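The values are calculated or read from the model by the stated rules, or taken from the named source; none is laboratory data. None of the values given here were measured: they were computed from a predicted structure. Cβ placement follows ideal geometry from the backbone for every residue including glycine, while neighbour counts extend to all protein chains displayed.
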Amino acid sequence: MIRLPSSLNTVKNLLQGKGMMSHPIHVAINHVPLGFWEASVIFDLMSRQRKWRKLSEAGYYLNLFGVVSAVPTALTGAAEWLDIPQDHPAWKVATAHAVANDVALVLSLYNWWTRRDRRNYEPDQSNLIASGAMVAVLGLSGYLGGVLAHEYGYGTHRQGSSIEKQSESLVGPEDQITQPKTLMSPSPEGRSLDSWAGVQSEQVQERDAAVDETLGAHGESREVGGTGI
């Protein structure tokens, strides 16, 4: 985790969406440039047919929109990357994810620059090759993003704060991933179903005691098994 001066840390928090959203902004907007870029490739391929030749102009502008929308996507992603501990396996995955996205951006910039003065912005063979490489790189980037979200829980467990709130995020010390946070052992006789389902045993005991006290005041009793589900 990279420490920043207070002023830059405020900017980072804004880019992460803290105080505005219950999840990172990056995960909400990262599909925007992806959609533009992939649509641009489809239009460019269609424009190779004579009757659809003018679609190359749409492909050119879709690629340009992808470049523009990639800027806030990259900034919000960098803000999230800064909070990942560098000794955590997720840091390397996130770094590779960022590098792949940067390569895709360079390829899209190449397509924009080389086509800007052509008639109908028609793509040549080199542009189509660059577009194909860009799609492949975006596929790799998407896979790495899925690893971050589904294997490490990054960007999926945060609720109103960053991964510093480790009780709500799997991104943190290594033992936080490998060790269970709640009791998941088989339930022996007399243990509440809540404990067996994964609720902390201390919470179960406190809840059961409160129920016993309430029922006892009314001269009632409950079956073994606690408050249950």
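Could you go through the stretch 69-77 and let me know if any residue there is free of Cβ contacts under 8 Å to residues at least 40 places away in the same chain, farther than 15 Å from residue 111 by Cβ and either in contact with a helix residue (DSSP H, G or I) (Cβ under 8 Å, 6 or more places away or on another chain) or part of a loop (DSSP other than H, G, I, E, B) (or both). Show your work before the answer.
Here is the first cut: in the stretch 69-77, the residues free of Cβ contacts under 8 Å to residues at least 40 places away in the same chain are 70-71, 74.
Now narrow it down to the ones that are farther than 15 Å from residue 111 by Cβ: 71, 74.
Restricting the remaining residues to those that are either in contact with a helix residue (DSSP H, G or I) (Cβ under 8 Å, 6 or more places away or on another chain) or part of a loop (DSSP other than H, G, I, E, B) (or both) gives 74.
The answer is yes, given that some residue of the stretch 69-77 is free of Cβ contacts under 8 Å to residues at least 40 places away in the same chain, farther than 15 Å from residue 111 by Cβ and either in contact with a helix residue (DSSP H, G or I) (Cβ under 8 Å, 6 or more places away or on another chain) or part of a loop (DSSP other than H, G, I, E, B) (or both).
Is it fair to say residue 123 is within 18 Å of residue 57 (Cβ to Cβ) and surrounded by 15 or more Cβ atoms within 10 Å (Cβ to Cβ)?
Numbers: within 18 Å of residue 57 (Cβ to Cβ): yes; surrounded by 15 or more Cβ atoms within 10 Å (Cβ to Cβ): yes.
So residue 123 fits the description; yes.
Can you find a residue in the stretch 4-23 that is in contact with a Lys or Arg (Cβ under 9 Å, 6 or more places away or on another chain), touching a residue at least 12 places away in the same chain (Cβ under 8 Å) and within 26 Å of residue 135 (Cα to Cα)?
No: zero hits.
Each row is one residue, and each column tells you yes or no for (1) surrounded by fewer than 18 Cβ atoms within 10 Å (Cβ to Cβ); (2) within 17 Å of residue 40 (Cα to Cα); (3) charged (D, E, K, R).
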| position | (1), (2), (3) |
| --- | --- |
| 77 | no, no, no |
| 80 | no, no, yes |
| 86 | yes, no, no |
| 96 | yes, no, no |
| 102 | yes, no, yes |
| 105 | no, yes, no |
| 108 | no, yes, no |
| 113 | yes, yes, no |
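Keeping to the stretch 78-87, report how many residues are hydrophobic (A, V, I, L, M, F, W, C) and assigned to a loop (DSSP other than H, G, I, E, B). Spell out the reasoning first.
Quick first cut of the stretch 78-87, residues hydrophobic (A, V, I, L, M, F, W, C) only: 78-79, 81-82, 84.
Those left that are additionally assigned to a loop (DSSP other than H, G, I, E, B): 82, 84.
Within the stretch 78-87, residues that are hydrophobic (A, V, I, L, M, F, W, C) and assigned to a loop (DSSP other than H, G, I, E, B) number 2.
Scan 39, 90 and give me the residue that is closer than 19 Å to residue 121 by Cβ, of a type outside the set (D, E, K, R), in the same structural domain as residue 108 (by TED's automatic domain parsing) and not in a loop (DSSP other than H, G, I, E, B).
Working: 90 fails: closer than 19 Å to residue 121 by Cβ.
Residue meeting the stated conditions: 39.
Conditions (1) among the hydroxyl-bearing types (Ser, Thr, Tyr); (2) at pLDDT 95 or above, marked per residue:
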residue: 75; (1), (2): no, no
residue: 84; (1), (2): no, no
residue: 99; (1), (2): no, yes
residue: 106; (1), (2): no, yes
residue: 114; (1), (2): yes, yes
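Restricting attention to the stretch 44-61, which residues are surrounded by 21 or more Cβ atoms within 10 Å (Cβ to Cβ) and either part of a helix (DSSP H, G or I) or at pLDDT 95 or above (or both)? Break it down into steps so the answer makes sense when it comes.
We begin by selecting, within the stretch 44-61, every residue surrounded by 21 or more Cβ atoms within 10 Å (Cβ to Cβ); these are 44, 47, 56, 59-60.
Matches in the stretch 44-61: 44, 56, 59, 60.
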